[in-house]
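Any read-out appearing in this document is the output of simple, stated calculations on the displayed coordinates, not a laboratory observation. Given the structure is predicted, the values throughout are model-derived calculations rather than measurements. Here the Cβ positions follow ideal geometry from the backbone for every residue, glycine too, while neighbour counts run over all protein chains shown.
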Amino acid sequence: METYTVSEYAVETEGLTRRFGPFVAVDGISLNIPKGQLFGFLGLNGAGKTTTIRMLTTLLPPSGGTARLWGHDVVREPLAVRRLVGLVSDETSESQSTWTAREYLGYFARVRHLPGAAEVVERSLDDVGLEQHFRGKLIGTYSTGMKRRVEIARALMGNPKVLFLDEPTRGLDLPAKREMWNLLRRLAASEQVTTFLSSHDAQEIRTLCSRISVIARGRIVYDGATSELGADLDAFEERLVGLLLQPA
Amino acid sequence: MSSIGTLYVEELAAMMRGRFAWLGAGVVLLAIGVVATVGTQDTWLDGYGIIAYGILPLAFIPLAAGVIASPRANRFVESLFTAPVERRDWLVAKVLVIFSIAAAYWLALLPMMLVYTTNVGFPFLLKKFLIWSAGNLVLSVAVGTLVGILFIGRSIAAPAATGMGVLLAHAGLIPLQELMVARADGASRTGHLTLASPAVLLKNALGFTLVARSIPTTTMMTWISLLVVAGGAFALAGWIFLRAQGVETWETSRAQRWAIAIALVVIVVFPVAFADTDYDQRAPRPNGAPAIRALFARTGASLAMAAPGREPPEHCCGTILNRESWPPFSTDEATRQDLLLLLPVDATQAIRDLRIDIAGEGGLQVTPDPRAVARAGEHLETRTYPRDLGPAAADGHHIVTGWVARVPVTLVPTRPWDIGGDRYPLSVNATYRISGDDRVRTFSARGAIDAQVSRGIYEMGVASLLLPILCFGAALQRWRHTR
């Protein structure tokens with residue numbers, strides 16, 4: 001049985017910074033995300049969303065500041081952090097297009113030493129609604145929406161406490177996008193995971209998240225309730241544009 | 001199972017899920033098999049041996065580079081390293097997978113080798129090739145792993161192309177070194193430069209050559225150089241991956257960048273500067289082939305061979321007497337032929353007292369028909385030579401129409417030293433007189449016959465097809481299961 005450090009927050013960052021040479025991609029951001037929340041992280045392309053997620057999931061070492069997940073430091077305890085997280089980025093399962101969904105998930109089930117790997121795989125694919133007859137076919141033949149489902153199933157293996165979704169609906173058409181939103185709502189309700197949803201799609205964030213942070217040029221320019229940004233989508237987007245384009 | 005064990009099993013299975021993994025393996029093995037089978041018609045060990053044991057193992061440089069670079073290029077590491085997986089364990093497992101593929105390649109050559117050794121034994125060169133190929137595989141995996149680690153990007157084109165460039169350099173330096181040593185320039189600057197190829201280093205360390213006749217007298221610094229290359233490449237690759245890089249990014253300090261640059265220079269320059277180049281020792285003979293020195297140095301042919309009672313081939317007459325006939329003679333089988341002595345005597349002059357002595361060498365048993373030999377002078381034929389290609393008479397002019405002595409012989413080439421391309425020398429000595437001149441004239445000529453193990457091509461063909469068929473079967477099965 002795994003034990004976790006007692007912490008009030010699922011994600012805590014303080015002055016988290018990442019530089020690439022002279023370029024500051026993420027500039028001292030501080031976040032406190034309570035457990036079990038569906039948290040929205042909104043910004044324009046290149047604002048620093050993906051870099052922040054990569055630091056929080058141990059893929060990228062920070063240049064400064066600290067980040068903790070459930071109390072575990074991402075730099076000092078990377079393995080402990082990896083046991084807590086699942087990441088869905090926009091194209092990872094594309095990379096394994098010559099694997100079947102069963103093979104892809106089976107790989108991660110066994111690498112995570114999950115007991116009854118085959119059953120875990122089938123259950124995970126059931127959870128994301130991937131039809132049986134597709135499971136033995138190559139991922140390269142799937143639609144974008146199906147690939148994203150496989151990615152979510154993979155990210156949910158091992159029951160993560162924090163699920164990071166980086167642009168999960170990029171490239172999806174409207175029906176597939178709405179299907180994905182329903183899936184995320186269902187997961188948030190049933191799995192009690194903290195969901196960190198990164199997107200540049202204002203409608204998506206407003207639809208799904210009760211709390212958001214807005215990042216622009218590597219800095220947090222808004223952190224609060226979604227509803228405070230506007231009563232309807234039009235007002236929300238207008239306020240958002242103001243935040244995103246405000247002078248540095 | 002340990003983490004490394006689990007990762008090893010999963011990565012090995014994943015490796016064979018590639019779009020063309022089984023198909024590619026089948027095609028490569030089929031191509032090697034074709035070379036092995038065709039090689040039975042020639043010197044198998046020189047042709048197929050150098051390609052399969054010397055050159056192809058170097059292909060593991062770009063292969064290893066691609067295998068290491070690919071998960072970062074296609075972002076698989078993002079899924080992998082957000083799972084509780086130690087990067088060290090994954091790297092070890094990945095290198096072990098490449099080693100397993102390399103070992104599989106080495107083992108895949110065994111059926112062809114067994115056909116060879118069953119027929120002709122285990123020559124010195126083949127023993128060395130077995131070690132050379134294994135060593136080349138290890139060295140190639142080391143260098144390829146380092147190349148793959150050095151490149152972080154969204155494409156494997158750069159590491160694969162770099163690996164291919166290193167492969168070409170390493171392979172190209174092998175004949176250059178042989179040439180330099182053959183010309184007694186092994187210790188020249190260019191000779192030193194050829195030692196940048198680990199394949200050349202290992203060849204020197206093992207004490208054999210492909211063509212040159214000298215090997216280094218000492219090998220200690222060569223072995224140390226090999227350790228520097230293989231150990232250095234693995235150590236540097238591991239250190240860079242775990243200490244100087246993130247999952248997909250370089251995270252080096254200025255000092256680390258300098259350390260990497262210096263280490264790379266040392267790995268390349270150390271063998272060039274310090275490996276042994278005292279090529280003073282005579283190279284061991286590669287196999288039991290008879291010495292046929294000077295056989296091919298002679299100009300002007302004096303012998304020809306033809307099927308019993310037939311005319312000699314139109315393009316007559318080379319040193320290899322049966323070059324124009326196919327298939328070559330079979331070893332350990334009797335072949336009846338007519339040996340034609342192209343006597344340098346004009347057909348206008350009569351020949352008497354002709355005595356002929358024929359001897360085979362290197363295991364060739366030649367039995368001339370005793371009656372034909374005894375009465376050779378009575379059954380002379382004439383032959384008209386085109387364009388001054390006739391044998392030179394005593395006064396130096398080329399015979400236009402001359403006498404030819406036909407001797408039926410039975411040839412039995414024994415003790416073959418290769419499965420194909422066995423060239424057995426034979427020598428012919430004859431004496432005769434020309435009417436009107438009592439002086440005894442001598443005729444002396446050397447030639448050779450080409451022989452091969454006759455069933456070798458069939459056995460090699462079957463042996464070389466076994467594994468490709470399995471690979472194609474696996475490819476077909478995977479296609480059917482996943483379509």
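Assorted remarks:
- Measure of compaction for the protein assembly as shown (Cα Rg per 2.2 N^0.38 Å): 1.38
- Estimated from helical segments only, the mean residue ellipticity of chain A at 222 nm is -10500 deg cm²/dmol, where each DSSP H run of four or more residues counts as -39500 (n - 2.57).
- By DSSP, the beta bridges lying fully in chain A are antiparallel in about 55 percent of cases.
- 10 Å Cβ shell holding at most 11 others, DSSP loop, GluC sites (Glu not before Pro): longest site-free stretch of chain A: A:9-130
- Order of B:ASP42, B:ASP357 - criterion: other Cβ atoms within 10 Å of each residue's Cβ, fewest first: B:ASP357, B:ASP42
- Relative contact order (%) - criterion: Cα under 8 Å, at least six apart; region: segment B:303-452: 33
- Placing dummy labels 7 Å off each Cα toward the beta-carbon, the span from B:ASP346 to B:GLN365 is 4.4 nm.
- With R₀ fixed at 30 Å, the C-beta to C-beta distance from B:ARG415 to B:GLN281 puts the FRET efficiency at about 0.65.
- Taking the convex hull of the alpha carbon positions in chain B and averaging its projected area over all directions gives 29.0 nm².
- Estimated purely from DSSP H runs of n ≥ 4, each contributing -39500 (n - 2.57), the mean residue ellipticity at 222 nm for chain B is -15500 deg cm²/dmol once divided by its residues.
- Take every DSSP beta bridge whose two residues both sit in the protein assembly as shown; close to 75 percent of them are antiparallel.
- Linear extension gain, B:GLU378 paired with B:ALA392, 0.36 nm per residue minus alpha-carbon span: 2.8 nm
- Geometric extent, Cα atoms of segment B:79-236 - Rg, Dmax (angstrom): 18.1, 59
- P(r) of segment B:303-452 over all Cα-Cα pairs, binned every 5 Å from zero, in whole percent: 2, 10, 19, 23, 19, 13, 8, 4, 1, 0, 0
- Computed lengthening from B:GLU251 to B:ARG88, 0.36 nm per intervening residue step minus Cα-Cα distance: 57.0 nm
- Residues B:ILE215, A:ILE212, B:ILE358, ranked from the fewest to the most other C-beta atoms within 10 Å, line up as B:ILE358, B:ILE215, A:ILE212.
- Convex hull volume per residue in cubic angstrom - Cα atoms of segment A:9-245: 119
- Burial ordering of B:THR6, A:THR169, fewest other beta-carbon atoms within 10 Å first: B:THR6, A:THR169
- Once C-alpha pairs closer than 8 Å and six or more residues apart are averaged by separation and normalised to the residue number of chain B, the relative contact order reads 20 percent.
- Only the Cβ atoms of Lys and Arg (+1) and of Asp and Glu (-1) were treated as charged; on that basis the dipole of the protein assembly as shown about its Cα centre amounts to roughly 480 debye.
- Expressed as a fraction of 2.2 N^0.38 Å, the value expected for a compact globular protein of N residues, the C-alpha radius of gyration of segment B:49-108 is 1.35.
- Three-way shape label, segment A:25-124, alpha-carbon gyration tensor, a/c 1.5: prolate
- Diffusion constant of segment B:146-208 at 37 °C, which comes from Stokes-Einstein with the Kirkwood Cα-pair radius and 0.692 mPa s, µm²/s: 255
- Taking label points 7 Å from Cα along the Cα-to-Cβ direction, B:ARG189 and B:TRP479 give a separation of 5.5 nm.
- FRET E, pair B:LEU130, B:ALA261, Förster distance 56 Å, beta-carbon r, rounded to 0.05: 0.95
- Share of alpha-carbon pairs per 10 Å distance bin for segment B:1-157, given as whole %: 10, 36, 30, 17, 7, 1
- Percent RCO, i.e. relative contact order, over segment A:9-245, from Cα pairs under 8 Å lying at least 6 residues apart: 27
- Here the simple spin-label model places points 7 Å from the Cα toward Cβ, and for B:MET220 and A:GLU8 these points are separated by 7.1 nm.
- In the protein assembly as shown, lysine pairs with alpha-carbon atoms under 23 angstrom apart (chain gap of 8 or more, or interchain): 11
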